[in-house]
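Chemist: Pasting a structure below so you can have a look.
FYI, it's all coordinate maths here, none of it is from the lab. None of the values given here were measured: they were computed from a predicted structure. Backbone-built Cβ (ideal geometry, glycine too); neighbour counts: all protein chains shown.
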Amino acid sequence: MIKICSVILTGMMTFSSPVIAAEPAETSLHQNFLKPLTPHNAEYKVYYGSIELGKARYQLPASSDGYYEYRFDSDVSLLMLSDVRNIKSEFQLVEGKIKPIRYMSERSGTGSDYSEQTAFAASQGVIHTIYKEEREKLEYAENVLDPLTSQLQFRMDMYSNPKTLHYDMVKEKEFDDYEFKIVGKEQVIIDSGTYQTVKIEVVRNSKKRQTFFWMAPDLNYLPVRLSHFSKGSKQLDIQLDNYHFFESQKMEAPTVHSKE
């Protein structure tokens, strides 16, 4: 269960990314789809049934000239088992789209400790990645993301009212793809409040495992809940505990040079 929990947490909406052209600055679409990049913190409680396993936290500080650093930290445990994750993704905003630069992940706790690092060298046409001390060099491709930046791009893409979404990312030394579909609108009531949300389902070939999550448009499509089912039984429930958006300068979509 701890392993399942950690995988879902680090890929909480771990999602070809749809191409969204940057609109003129005066249009509402331009302003809206950049809202997920507003500096913010969000903390979640993680449950297995009624048992609270621990917490997870996302942090997005203010950008510096179009460059950002997105962080994820989690600490979950059950009896004698534990799992601690510290993840950071550095990226830039280029013509209204997220371009990952560097991804770093460290895992510790029960079992083997390990790390993962990925560098997106666009000018060299390669992606350098290390997972569990094994190196790999992949061919660079546009629209490929990492497990953290995919979550932010997903939230940005929701402003285009998609029916389905597809994302490619580098994960554990290889390319992986994810597909999602919009289920519909739904009200979610949890301990931290009542939210009007859009329900999303992870598309899988088999119904033995199902994952749903709910995103709140009023909170810049911040996820407020995620539920994972196995053979029809709920295995994991992640709920928004608290959040805070920080004041920042007017969001723009600058064109910047790659930083490697």
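Chemist: Above 21 angstrom, tally the Cα pairs of segment 66-165 and express them as a % of all pairs, no decimals. Don't jump to the answer; show the numbers that get you there.
Modeler: Working: 2157 of 4950 pairs.
Roughly 44 percent, rounded to a whole number.
Chemist: Give me the percent relative contact order of segment 174-222, please, defined on Cα pairs under 8 angstrom at least 6 residues apart.
Modeler: Working: 73 pairs, mean separation 15.0, N = 49.
Reported as a whole number, the value is 31 percent.
Chemist: Label Phe212 and Gln59 with points 7 Å out from Cα along Cα→Cβ: what is the distance between them in nm?
Modeler: 3.3
Chemist: Taking the Cβ of Lys97 as the center, what net charge do the other residues with Cβ under 11 Å away carry, scoring Lys and Arg +1 and Asp and Glu -1?
Modeler: Values: positive: Lys99; negative: Glu95, Glu142, Asp157.
With Lys, Arg at +1 and Asp, Glu at -1, the net is -2.
Chemist: Using label points projected 7 Å from each Cα along Cα→Cβ, tell me how many nm separate Arg71 and Glu172, to one decimal.
Modeler: 2.7
Chemist: Of the listed pairs Lys199/Lys231; Lys173/Lys234; Lys35/Lys207; Lys171/Lys234, which have alpha-carbon separations greater than 24 Å here?
Modeler: Violating the 24 Å Cα-Cα cut-off are Lys173/Lys234; Lys35/Lys207; Lys171/Lys234.
Chemist: If each residue of separation counts as 0.36 nm, what is the full-extension length gain between Gln196 and Thr38 once their alpha-carbon separation is subtracted? Let's see the in-between values first.
Modeler: Numbers: separation 158, 0.36 × 158 = 56.88 nm, distance 1.99 nm.
Net length gain for the segment: 54.9 nm.
Chemist: Add +1 for every Lys or Arg and -1 for every Asp or Glu among the other residues with Cβ under 14 Å from the Cβ of Gln187, and state the total. Working shown, then result.
Modeler: On the way: positive: Lys185, Lys199, Arg225; negative: Glu186, Asp218.
Taking every other residue near Gln187 into account, the sum is +1.
Chemist: Contact order normalised by length for segment 28-117, with contacts defined as Cα pairs under 8 Å and 6 or more residues apart; what percent is it? Write out the running numbers ahead of the final one.
Modeler: Working: 174 pairs, mean separation 15.6, N = 90.
Reported as a whole number, the value is 17 percent.
Chemist: In addition: Could you compute the net charge surrounding Thr129? Neighbours are other residues with a C-beta less than 13 Å from the C-beta of Thr129; K and R count +1, D and E count -1. Spell out each step's value before the answer.
Modeler: Numbers: positive: Arg102, Lys132, Arg135, Lys137, Lys171, Lys173; negative: Glu116, Glu133, Glu134, Glu136, Glu139, Asp146, Glu172, Glu174, Asp176.
Neighbour charge sum, excluding Thr129 itself: -3.
Chemist: Which peptide among 121-127, 181-187 comes first, and what is the full order, when sorted by highest mean count of other Cβ atoms within 10 Å?
Modeler: My ranking of the peptides, most packed first, is 121-127, 181-187.
Chemist: Could you work out how far apart the two model spin labels at Arg204 and Glu95 are, taking each label as a point 7 Å from the Cα in the direction of the beta carbon, and quote it in nm?
Modeler: For Arg204 paired with Glu95, the spin-label model returns 3.7 nm.
Chemist: A further question follows. Sorted from fewest to most neighbouring beta carbons within 10 Å, what does the list Asp237, Asp73, Asp218 look like?
Modeler: Working: Asp237 18, Asp73 15, Asp218 9.
Ranked by crowding around the Cβ, least crowded first: Asp218, Asp73, Asp237.
Chemist: Still on this structure, I have one more. Could you work out how much longer the chain between Lys163 and Thr110 gets when fully extended? Use 0.36 nm per residue separation minus the Cα distance between them, nm to one decimal. Don't jump to the answer; show the numbers that get you there.
Modeler: Values: separation 53, 0.36 × 53 = 19.08 nm, distance 3.98 nm.
Stretched fully, the Lys163-Thr110 segment lengthens by 15.1 nm.
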